[in-house]
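**Q** Take this structure first; my questions come after.
The values are calculated or read from the model by the stated rules, or taken from the named source; none is laboratory data. In this text the structure is predicted, and so the values were computed from the model without any measurement. Positions of Cβ are generated from backbone atoms using ideal geometry, with glycine treated the same way; all protein chains shown enter the neighbour counts.
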Amino acid sequence: MKTVLVTGGAGEIGSAICKQFAENGFSVIATYNSNSTKAEKLLDELSQLPVTNNQSTNHSIFHAPTTDAQKVNDLKAFVTEKYGKLDVLVNNAGITTPVPHDDLDGLTDEWIDKIMQTNFRGSFAMVRAMRDLLDKASYESKESSLVVNISSIAGIYGIGSNVAYCASKSAIDSMTRSLARALAPKIRVVSVSPGFVEGEYTKNFDPAYLQNQMDNTPLGRFAKGIDVANVVFSLATSMTFSTGNIITVDGGRLLK
């Protein structure tokens with residue numbers, strides 16, 4: 001039985017990733033920060049999905065904000081006891097807030113710290129905590145285990161919800177390259193870097209902003225959670241000679 005841990009698993013991208021793996025016979029551990037109702041709903045949905053080849057799965061949810069060291073340690077103990085190893089870690093949890101890039105006073109020190117602590121430090125903390133479990137999966141399967149960091153083209157392009165968010169995603173991409181070198185060959189590390197992803201929060205954006213994003217996407221639509229999930233799953237199952245890469249899922253946005 002293969003296992004995948006997805007932080008922020010109940011969100012738009014996270015839930016799509018969880019479902020993709022669950023449908024293909026992986027046992028899914030989805031973490032959440034505050035919305036237990038949404039996490040419980042995801043767990044119920046995972047348990048009802050048809051599974052390829054009728055493989056046995058055992059899904060879980062766990063309250064573990066990535067910035068809470070004790071909760072992360074509790075999560076490691078839980079995964080160790082219930083599953084014994086970890087084949088794939090997906091660092092998907094992240095936060096931001098909209099602040100125009102020229103509004104330097106609007107981006108407060110508090111928000112800068114929160115964004116960097118969750119998006120960058122939280123992702124690193126998860127890799128650090130789960131390394132032994134990833135190593136064990138690699139030893140048992142004779143294949144490299146996998147860490148996928150969900151980044152953003154904001155880290156490449158410098159356009160995003162605020163300056164700190166862009167910086168945090170650049171930091172994630174840099175961490176991906178550093179850890180890919182440091183943890184090979186037992187663990188592969190890859191960034192998956194989406195452009196604008198359509199979701200519930202889309203309604204909060206100005207229609208003119210959305211149209212501008214659409215006009216600047218050569219493939220003529222926004223990404224959906226499943227577009228990101230497909231790439232993450234491919235990295236785990238078929239793109240097994242990739243590490244240290246930054247893989248964009250942006251419909252060609254960077255071409256504009």
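**Q** Mind telling me which of the residues Leu146, Leu133 ends up being in contact with a Leu (Cβ under 9 Å, 6 or more places away or on another chain), part of a strand (DSSP E or B) and either modelled with pLDDT of 95 or more or surrounded by fewer than 17 Cβ atoms within 10 Å (Cβ to Cβ) (or both)?
**A** Numbers: Leu133 fails: part of a strand (DSSP E or B).
On inspection, the qualifying residue turns out to be Leu146.
**Q** Do any residues in segment 181-207 that are more than 15 Å from Ser161 (Cα to Cα) and at pLDDT below 95 have Cβ atoms under 6 Å from those of residues that are among the hydrophobic types (A, V, I, L, M, F, W, C) and part of a loop (DSSP other than H, G, I, E, B), where the two are at least six apart or on different chains, and which pairs are they?
**A** none
**Q** Could you list, in sequence order, all residues of segment 120-150 that are polar (S, T, N, Q) and either over 17 Å from the mean Cα position of the chain (by Cα) or under 29 Å from Gly251 (Cβ atoms) (or both)?
**A** So in segment 120-150, the residues polar (S, T, N, Q) come out as 123, 138, 141, 144-145, 149.
Listed by number, the residues that qualify are Ser123, Ser138, Ser141, Ser144, Asn149.
**Q** What is the residue count in segment 39-48 for residues that are over 16 Å from Ala229 (Cβ atoms), out of contact with any His (no Cβ under 7 Å at 6 or more places or on another chain) and modelled with pLDDT of 95 or more? Let's see the steps before the verdict.
**A** Here is the first cut: in segment 39-48, the residues over 16 Å from Ala229 (Cβ atoms) are 39-41, 43-44, 47-48.
Filter once more, so that each one left must be out of contact with any His (no Cβ under 7 Å at 6 or more places or on another chain): 39-41, 44, 48.
Then keep just the ones that are modelled with pLDDT of 95 or more; that gives 39-41, 44.
Residues meeting the conditions: 4.
**Q** When the residues of segment 227-254 are filtered to those that are small (Gly, Ala, Ser) and either modelled with pLDDT under 95 or more than 16 Å from Ala180 (Cα to Cα) (or both), which remaining residue is nearest to the chain's Cα centre (by Cα)?
**A** Within segment 227-254, the match that is nearest to the chain's Cα centre (by Cα) is Ala229.
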